[in-house]
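The values are calculated or read from the model by the stated rules, or taken from the named source; none is laboratory data. This structure is a prediction, so every number in the text was calculated from the model and none was measured. Neighbour counts run over all protein chains shown; Cβ positions are idealised from the backbone, glycine included.
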Amino acid sequence: MTQTYDAIVIGAGVSGLYSLYRLRELGLDTRVFEAGTGLGGTWYWNRYPGARFDSESYTYQYSFSEELIDEWEWSEHFAAQPEIERYLHFVADKFDLKPHIELNARVATVRYDDDKHWTVETEDGRRARARFVIAATGLLSAHQLPDYEGVEDFAGQSLHTARWPKETIDFSGKRVGIIGSGPTAVQIIQEIAAEAGHLFVFQRTANWCTPLRNRPIDPEEQRDLKARAAEIFEICKRTFAGFLHGEHSVPGEGVPKVERWAHYQELYDEGGFALWLGNYSDTFTNAEIAGEVAEFLAEKIRERVDDPETAEKLIPKSHTFGTKRCPGERDYYEQFNRDNVSLIDLRATPITRITEDGIETGDTHRDLDVIIYATGFQALTGELMRMDIYGEGGRSLREHWSDGPKTNLGIQFSGFPNMFAVLGPHNPATFCNITRCAENNVDWIVGCIRYMRENGYETVVTTAEAEEAWTQRCYDSLKGLLIEQMQDSWFFGTNNDENIRGRFLLFAGGVPLYREIFADVAAKGYEGFELR
Ligand code: NAP
């Protein structure tokens with residue numbers, strides 16, 4: 001028999017767990033379907049060595065429960081994956097969420113029926129129905145393997161960082177090849193370089209990495225962070241990207257160069273996203289200022305990497321500072337001073353194929369025991385597109401998005417009533433604080449459902465006009481930003497299907513404005529949404 005619930009949540013990661021908590025609080029009988037054999041979403045799948053927060057633990061944690069904040073102690077300023085996974089289990093246990101989560105339940109089909117209910121079916125044939133569906137499928141979930149010839153032929157061990165096995169992998173003495181040099185690759189390279197027999201880093205595009213400066217939280221800091229938790233969350237509501245680091249109130253232009261340089265050094269010493277997000281107010285709009293920060297970082301790379309030729313390869317040439325997410329690093333650049341680490345520049349010699357024994361670039365073949373794919377995700381739309389989602393009249397989401405994704409507020413699609421995506425395309429979360437955005441969006445969704453119940457409405461669906469307007473507003477939010485010139489990133493869906501590639505997938509107006517827009521839409525009785 002197909003069980004009927006009030007709401008079904010897809011995914012038990014940060015936003016799925018919070019959705020479940022809030023929906024149950026509202027009194028909705030809610031079921032969660034989670035593909036993993038454990039909860040945690042991103043922090044379940046990405047268990048590669050070195051995986052950790054790139055923003056401060058106490059800004060990433062949930063803010064909704066003072067008791068939770070009091071009871072949980074982060075051991076480091078930037079906690080590592082095992083601790084984050086433990087935290088999410090702690091949350092699930094504390095709020096008795098686990099009995100409502102079905103694990104190992106990858107959703108294959110989501111279909112809207114004539115009786116205004118959604119039927120959800122998992123790959124292994126489990127079925128359930130509900131009036132509301134919340135896709136809490138994350139923004140970086142659909143992992144991406146490159147389409148090189150021979151990927152399937154490699155006889156050694158192949159690993160994708162987002163499908164990392166639970167058992168410890170022994171790299172000692174092994175010849176390891178890693179493809180990718182994004183934030184994930186940077187984290188894992190630092191961790192395994194010393195252990196591997198030889199590590200070959202296959203880099204297509206270098207990134208502007210900034211120091212993370214992680215350290216343990218001492219008891220005094222612990223007390224202080226707990227006492228200031230509310231204040232910290234308030235700061236995160238006011239800063240552009242929802243982190244502690246808010247942009248400087250003055251533009252760099254007009255400040256003497258020597259002063260600017262000292263400012264960059266201060267931010268470099270501070271760590272985390274300070275250099276990227278706490279910089280002069282024109283860092284994202286003024287090519288000269290961004291170029292100068294790039295010059296500052298290039299100098300650091302040259303100081304830290306012994307071989308000048310390798311240093312030049314590690315300095316990005318195709319994009320200026322700030323236009324892609326900056327990987328946080330500890331001693332990334334120093335790894336390239338090891339005799340057992342080689343950097344292969346794929347711009348000069350692209351990969352021609354993967355063989356049974358290793359990787360071929362031009363006429364060079366490197367024998368390998370392990371290949372690690374740190375090649376990223378089909379960002380934002382990937383997981384939604386991997387499911388078969390059919391809305392009103394049997395129209396599929398793929399069809400609806402055949403000319404690129406269209407959303408209202410990043411959370412609803414026209415023709416898909418009572419379906420919400422917590423962190424769908426066109427929300428700011430990707431270069432912002434994900435938990436802060438997830439909490440904002442879930443609160444809005446649950447508030448909308450509460451409003452419907454109180455006012456006797458059965459369904460809510462965005463109008464096509466409001467959807468067009470929001471999608472356009474997201475494209476417009478890019479204007480004047482240097483990011484617009486750097487379209488070769490997952491912000492623009494580089495790994496996604498052709499109809500999505502090249503379209504800006506975020507809202508770049510910042511968290512405070514986004515929050516304001518959400519509150520305003522709700523205050524106006526869900527303007528742009530049709531309540532039936
Ligand atoms: P990514 O930023 O998309 O990087 C993927 C890397 O793989 C890039 O270097 C890319 O090169 C390379 N690549 C992709 N396809 C390739 C191919 N066919 N051949 C050679 N190289 C290829 O992915 P990611 O590093 O997993 O990070 C994604 C996002 O996840 C980050 O921006 C960040 O938001 C998030 N993240 C967060 C944390 C954290 O919170 N602690 C940690 C890791 C990641 P190109 O640049 O040339 O395409």
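Some observations on this one:
- Residues (in contact with a Phe, Trp or Tyr (Cβ under 8 Å, 6 or more places away or on another chain) and among the hydroxyl-bearing types (S, T, Y)) located in region 484-532: Y514, Y526
- In region 217-306, counting only helices (runs of 4 or more DSSP H) that sit wholly within it, the ones holding 1 or more residues that are modelled with pLDDT under 95, touching an Asp or Glu at 6+ places or on another chain (Cβ under 8 Å) and closer than 20 Å to F507 by Cα span 274-277.
- Residue within region 80-101 that is under 29 Å from C432 (Cβ atoms), within 16 Å of the ligand (Cβ to nearest atom), among the small types (G, A, S) and touching a Lys or Arg at 6+ places or on another chain (Cβ under 6 Å) present: yes
- Odd one out for P350, checked against (1) modelled with pLDDT under 95; (2) within 11 Å of the ligand (Cβ to nearest atom); (3) in contact with a strand residue (DSSP E or B) (Cβ under 9 Å, 6 or more places away or on another chain): (1)
- Residue that is crowded, with 16+ Cβ neighbours inside 10 Å, in the same structural domain as G16 (by TED's automatic domain parsing) and more than 15 Å from the ligand (Cβ to nearest atom), where the choices are I217, I134, I169: I134
- Residue among Q157, Q190 that is under 20 Å from E360 (Cβ atoms), of a type outside the set (D, E) and not assigned by TED's automatic domain parsing to the domain that holds E299: Q157
- Only listed residue being more than 13 Å from the ligand (Cβ to nearest atom), of a type in the set (S, T, Y) and within 25 Å of M486 (Cα to Cα), chosen from T364, T320: T320
- If you go through region 379-418 and keep only what is in contact with a strand residue (DSSP E or B) (Cβ under 6 Å, 6 or more places away or on another chain) and within 30 Å of E234 (Cα to Cα), you end up with N408, G410, I411, Q412.
- Total residues in region 128-171 satisfying the condition of being among the aliphatic types (A, V, I, L, M), under 20 Å from I188 (Cβ atoms) and touching a Ser or Thr at 6+ places or on another chain (Cβ under 9 Å): the figure is 5.
- Entry remark, region 41-99: residues being in a helix (DSSP H, G or I) and among the hydrophobic types (A, V, I, L, M, F, W, C) number 9 in total.
- For I134, the test of being closer than 24 Å to I359 by Cα and either modelled with pLDDT of 95 or more or of a type in the set (V, I, T) (or both) is failed.
- Any hit, region 15-23, residues being part of a helix (DSSP H, G or I), away from the ligand (no atom under 16 Å from the Cβ) and in contact with a His (Cβ under 8 Å, 6 or more places away or on another chain): yes
- All conditions but one from (1) surrounded by fewer than 19 Cβ atoms within 10 Å (Cβ to Cβ); (2) assigned by TED's automatic domain parsing to the domain that holds V341; (3) away from the ligand (no atom under 15 Å from the Cβ) apply to E231; the one that does not is (2).
- You will find that of T430, T471, the residue that is under 18 Å from L384 (Cα atoms), in the same structural domain as S15 (by TED's automatic domain parsing) and at pLDDT below 90 is T430 and no other.
- Pairs linking a residue in region 252-280 that is farther than 22 Å from I483 by Cβ to a residue that is small (G, A, S) and buried (at least 19 other Cβ atoms within 10 Å of the Cβ), with Cβ atoms under 8 Å and 6 or more positions apart or on different chains, are E270/G278; G271/G328.
- Verdict on G125 being surrounded by 14 or more Cβ atoms within 10 Å (Cβ to Cβ) and either outside any strand (DSSP E or B) or within 15 Å of the ligand (Cβ to nearest atom) (or both): no
- Qualifying position, being assigned by TED's automatic domain parsing to the domain that holds H400, within 16 Å of the ligand (Cβ to nearest atom) and among the basic types (K, R), among R450, R501: R501
- Total residues in region 71-129, condition in contact with a helix residue (DSSP H, G or I) (Cβ under 7 Å, 6 or more places away or on another chain) and closer than 28 Å to F243 by Cβ: 17
- Filtered residues of region 475-490 (kept if among the aromatic types (F, W, Y) and at pLDDT 90 or above): Y475
- For the residues S63, S75, S55, the requirement of being farther than 18 Å from E221 by Cβ and touching a residue at least 60 places away in the same chain (Cβ under 8 Å) singles out S63.
- Tally, over region 367-416, of residues that are more than 25 Å from the chain's Cα centre (by Cα) and within 16 Å of the ligand (Cβ to nearest atom): 1
- Of all residues in region 183-203, those satisfying the criterion of being within 16 Å of the ligand (Cβ to nearest atom) and not polar (S, T, N, Q) are P183, A185, V186, I188, I189, E191, I192, L199, F200, V201, F202.
- Residue within region 175-182 that is surrounded by fewer than 22 Cβ atoms within 10 Å (Cβ to Cβ), away from the ligand (no atom under 16 Å from the Cβ) and at pLDDT 95 or above present: yes
- 3 or more residues within 17 Å of the chain's Cα centre (by Cα) and hydrophobic (A, V, I, L, M, F, W, C): qualifying helices (runs of 4 or more DSSP H) within region 432-532: 434-455
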